[in-house]
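Take a look at the structure below.
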Amino acid sequence: MKQVDQVDIGKPGKSEVAVAERLGTERQNKPELLAPAGEMAALRAAVENGADAVYLGGKVFSARASAVNFTDAELAEAVNYAHLRGVKVYVTMNTLLDNREMPEALEYAYYLHRIGVDGVIVQDLGLIRQLRRVLPELRLHASTQMTIHNAAGVNLLKEWGIQRVVLAREITLEQISRIRTQTGCELEVFIHGALCICYSGQCLMSSMIGGRSGNRGRCAQPCRLAYQLTSPGGANALSNSDNSGHLLSPRDLNTLQILPELIKVGIDSLKIEGRMKRPEYVATVVRIYRQALDRCWDQPEKYQVDLEHARELEQIFNREFTPGYFMGNPGRELMSYQRPNNRGVYLGRVHRFDARTRLVQIKLEASLRLGDGLEIWVTRGGRQGLTVKRLMVENQPREEAFPGEIVTLPGEGSIRPGDRVFKTYAVQLMQRALNSFSRPQRLIPLHLKVTAAIGSPLVLQAVDGDGNQIQVTGEFLGEAATRHPLTRELLYAQLNRLGNTIFKLEQVQYDIAPGVMVPISEINQVRRKMVAALEKKRLNAFRGPLVSEAVFSNRGLPEGRTEELATTSSGCPRLTVAVGDWASALEALKAGADQIYLPESIFRSKPQERIQLEQVWEAGRSRSVRLVVTLPRIVMETDQEGVLRQMETWEKVTGKPPAGWLIGNPGGLKLVSKYTSDKKIEHRTLVCADYSLNCFNRFSIQALRERQVQQITLSPELNQEQLAAITTPMDRKDLEVFIHGNWPLMLSEHCVVGAVQGRRTATQACSTPCRKQSFALQDRMGFLFPVEMDEHCRMYLYNPRVLDLLDQLEALVRMQFGYLRLEVRRELPEYVRQIVQIYRTELNRLQEHLDRGADGFKPLPAHREALKQLVPAGLTRGHFYRGVINID
C-alpha cells in the first residue's frame, strides 16, 4: 500500500498554507467521513473502503428498524473491528421513547458505554436529560430528527450536553457558515444518499396513515408513492403529462461537486446515508467519497469530480441526483417524478424486437456484460427487468459489448423500438465492491526492531502507522548456534506472517549478534505477543474511563419539579384554540375559548390589520383570555434577527407583551429568552412548547420544565394508555392534548405546487399559482390531502380526515390534563365558532356531570351530528386507541 508522508503539525506544509489562504482563516481539521452500516458486512465495507467513522443501530431504539441491524454481541464485535482499524463507531438511539422504555434504554446505553462506542445519536429530549444525569461520560450526538436548523437550537443542545449536532438537510451552505461562527459545537451534515421530503422529525404522515411512525423507526415511506396534484374538488391540476405522479419523491443527494464548499464552511463530519442499503453500495460510495475528500483536502485548487466516480455513483444507485438545499432551493430539480427507486444508468434504446423469437436488439451507449441487470422502459405496461444471461453481437456470443454496438438478447413484455434501456446492476462494479471487503484492505504498516543475542531473550520493538509503540520480550535465551544461526531472511519470513491480522510489515531493523540461535517457534510466539500487545493498545486508545455498574445504578435522580406549575387549579381544563386569522380569533373568544394561539401572520400584519389585533387584544383582556402568539416553526439563521424585530409588533400595538409564546423548535426557547432579556421584560411570559418538539414521555416534560417552559403540548402519536401513564394525575396541569382539528402531516421546504404548477427551479422563480387557487394531493385510494404554503413557500400537507375526540372527552378530563386544544388554523371563522361552542358546551356539561359524581357521560347527539356536517371528509380518533407500532 502506498505510504503518504505526513506533514509535521507544528509546521504547516505548502498545501495547508494554500488552503488557509483560500479560506481566509486558519485551516480547520479535516472533516470526518461517516458511513452507514446496516449489518456486519456493510460495516466491513465501510471500514475497508476508508470511512473515518461508522454509524449503526442495534435491534432496539433505532430509526431504521427495518434494517438488519446488530445484536448486542455483534455491536461489541463491530466496535472492536472498527477500533482496531482506527475507525470510530456511533450507535443510533434516535427514536422517541415512552415511559416504560426509558429504563431499558438507559441500560442499553450503559452497555454501549461498556463496549466502548464513541457516541450515541439521540432524538428524544427525555433520553438526553436522563443520559446526562446517569451517564455523563457517554458522548451524545443530536440526530437530524431533532430538526435543528439554526445556531440557537445548536447552542441550546450544547447546554443540554450534546457534543455534535446533525443539522437539518434543508439548510444552505450560507446558513451553515453563520451557524459555524456562533457555536463551538461539532456540526454534521448528510452529503450523499436518500432525502426526506419532510423536515426530519416533523413527519407524521406514515404514522397517521398506517400507524408506522418515523419517530419510532417504522416509516413506511408514503412519500415514495404516487400522487396527483388536484384542486380541493378533485380536478386534476398537473400542468403537463411527463409528471407521472411521484410528486413527493426526492432525488438522491450527491455533493461530489461541492466538496470544497462543504470543507470551507467548517463542517466536522460528512455523513453518507444508507443503513438500508446493501454492503456493495456502502463500499462503492465510501471509496469514492474517501478518494474525493482526500484529493480535495490535499489540493483544493485542483479539485475536480472524477467522471468515472460520478458514473459509478450513478450506477450503484440513483433516483437521479441533486445537491439538495446546500446551494439554495432547487425547486422541481429536487424531485424524481418518474420513479421512486433506482433508475440505473442510461444504456441505449431498443433497435428492434422480434415478438416471435422474443429477442431484443439494443443499440448501446454504454458497455454491457454478462450478469448485468437491465430495465426496459416500455411504452406501455411499465418497466421490464431482466438479467443478461446471453449476449450476442453480429450473431457471435460475447461476454461484453461496447458503446456503438448493437447487442441481441432475450426479452419479454410489450417491447417496442425506441424504448429506453437502463442498466440497473453492473456485475463488474458489484464484484469490485465485494472484493474490497471480502479480504482485508485497510492494513496498518509496522516498523519493527528486533534484537537477538546469546544469553538474552529475543526483543521485538514495534511502531504502527498511527504511532503506537510497544516492546515484547521472549522467554528463550539465545544460544550459540551449532548448525543454523539466526539470519535476517529467517527473521523477516517469520515476522511477516501477519496474514490474519490488521498489520502489514513495512520495515525491519536488525540487531543480531553473530552466531546466535533462536528457535522458529520462539520467533512466532514473540510475533503473536507483539500483535496482541499492539491490538490492545489500539483498542485502549478509544476507551475512556469506564463507569462501574454500581456508580451507574446509584446515579438516578428524583424526578420532582423544579418549577411552580403555570396552572394549579383542579377544575375544568382550559379550552385552547389555535386559529389562522383575526376573525377566527374573535369568534373563538366569543364562543368561550380560555386561551387562543394567534397566528404567525401577526408578523406580517398590514396597517389596517393592526386594528383587528387591537380588537382581539381588547376582547381577550375583557374576558381574561390568554392570547399566545405562535412563533414560526422554522426560523432559519438568516431570519432570526427579523423575527426578533417582528416580535416587537405586539407590544407596539398593545403596549404589553403577549401572555405567552408558542414555540415549535428548540431554537425557539433561546429566541424567547433573548427577546425577554433584550427587552428587559420583568413579568413572567408564558412559554408554551408545541407538539412539534415531540414530547413523548415524562422525562421530556421535565427537561422542558427545567427550561422554564410552563405549558407543554404532548405528541399526537401517544395513545390513551400512554397518555394515562405520562405523569401522575396531579402532575398534568401544564400539559396539553389535542381533542379536535387538523395539523400538518408534513412540513417541507419543497413546495409541490410551486414545483409542478409554478415550474420553480434553482434558477427560475415560481409563478405563484397558490395565490389563485387551493390545492390538494390525491393518493391512490382517492383521499385528498390539503396543501398549504406559508410566506416562505414552505409546504404543509394535511390529513384528509379531522381528529375528533368528543366521545373521549370524559376520559381525557378524568386524566386531569390542564389544556385541551382545538387545532383549527385552516378553518373559516364560522367553523371555528361552531366547534368552540360545541366543546365549550360539552366541557361545561361534563364538569357538572363530574361534580355530581356521575359516570358514563355522553355528548349531545346534536353535537355529534353537527360535527359530521362540519367535516364531510370524515373524522378520525387518530392514535387515541391504536397508537403507533412499537419499535421493538
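The values are calculated or read from the model by the stated rules, or taken from the named source; none is laboratory data. Treat the numbers as computed from the prediction; the structure is a model and nothing was measured. Cβ: placed from backbone, ideal geometry, glycine included. Neighbour counts: every protein chain shown. Heads up: the accessible areas ignore ligands, DNA and RNA and are worked out on the full protein's heavy atoms, side chains in. Shrake-Rupley method; radii C 1.70, N 1.55, O 1.52, S 1.80 Å.
Numbers for the structure displayed
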item: Added length on full extension, which subtracts the Cα-Cα distance from 0.36 nm per residue, Lys536 to Ser553; result: 3.3 nm
item: Radius ratio Rg over Rh of segment 776-831, counting only Cα atoms, Kirkwood formula for Rh; result: 1.09
item: Rounded to whole Hz, the Karplus (6.51, -1.76, 1.60) HN-Hα couplings of segment 29-40, x for glycine and proline; result: 5, 5, x, 6, 9, 10, 10, x, 8, x, 7, 5
item: Full-extension gain in nm, Lys302 to Val653, via 0.36 nm per residue minus C-alpha separation; result: 120.6 nm
item: Binned Cα-Cα distance frequencies in segment 54-163 - 10 Å width, integer %; result: 14, 49, 31, 6
item: Rough spin-label spacing in nm, given labels placed 7 Å along Cα→Cβ, for Asp790 and Asn500; result: 6.0
item: Cβ-Cβ FRET estimate between Gln431 and Arg780, R0 fixed at 60 Å, reported to 0.05; result: 0.95
item: Overall dimensions of segment 356-418 by Cα: Rg and Dmax, Å; result: 11.2, 31
item: Hull volume in cubic angstrom per residue (convex hull over the Cα atoms of segment 661-708); result: 64
item: Electrostatic dipole magnitude of segment 312-454 [Cβ: Lys, Arg +1; Asp, Glu -1; Cα centre; debye, to 20]; result: 280
item: Amide H within-cut-off set for Asn697, under 5 Å, with H built and near neighbours excluded; result: none
item: Check: segment 253-322 dipole with +1 on Lys, Arg Cβ and -1 on Asp, Glu Cβ, in debye; result: 260
item: Inter-site label distance for Thr482 and Asn524 at 7 Å from Cα along Cβ, in nm; result: 2.3
item: Per-selection metrics, segment 194-348 (Cα): Rg and Dmax in Å; result: 17.7, 58
item: Per-pair calculated FRET efficiency, R0 = 56 Å: Tyr510 and Asp678 via Cβ, rounded to 0.05; result: 0.20
item: Karplus 3J(HN,Hα) series, Hz, for segment 485-499 with 6.51 cos²θ - 1.76 cosθ + 1.60 (x for Gly, Pro); result: x, 5, 10, 4, 4, 5, 4, 4, 4, 7, 5, 7, 7, 10, x
item: Accessible heavy-atom area order of Thr357, Thr387, highest first, probe of 1.4 Å; result: Thr387, Thr357
item: Most positive-pole-ward Cα, Ile835, Ala493, Leu644, against dipole of the chain from beta carbon charges; result: Ile835
item: Rounded tilt (10° steps) of 307-316 against the dominant C-alpha axis of the chain; result: 60
item: Cα shape, segment 812-888, gyration tensor, a/c 1.5 rule; result: oblate
item: Antiparallel bridge percentage (DSSP; both residues within the chain; nearest 5); result: 50
item: Placed amide H near Thr876: partners under 5 Å, 5+ positions off or other chain; result: Val802, Leu803, Asp804
item: Phi-based couplings in Hz for segment 738-746 (Karplus 6.51, -1.76, 1.60; Gly and Pro marked x); result: 6, 10, 7, x, 9, 10, x, 7, 9
item: Selection from Phe775, Leu56, Ser584, by position along the positive dipole direction of the chain (Cβ); result: Phe775
item: Lys/Arg +1, Asp/Glu -1 at C-beta; segment 369-428 dipole; positive extreme among Val407, Leu386, Ala426; result: Leu386
item: Pair Met276, Glu104: separation of 7 Å Cα→Cβ label points (nm); result: 2.3
item: Peptide ranges 724-733, 49-58, 371-380 listed from the most packed, as the mean C-beta count within 10 angstrom indicates; result: 49-58, 371-380, 724-733
item: Estimated FRET transfer efficiency (Ala310, Glu394; beta-carbon r; R0 41 Å; 0.05); result: 0.80
item: Size of electric dipole in the chain: Cβ of Lys, Arg +1 and of Asp, Glu -1, about Cα centre, debye, nearest 20; result: 1100
item: Cut-off under 5 Å, modelled amide H: who pairs with Val508 long-range; result: Leu448
item: For segment 404-467: span of alpha carbons on each principal axis (Å, largest first); result: 85, 22, 22
item: Length added when fully stretched, His351-His447, from 0.36 nm per residue minus Cα-Cα; result: 28.5 nm
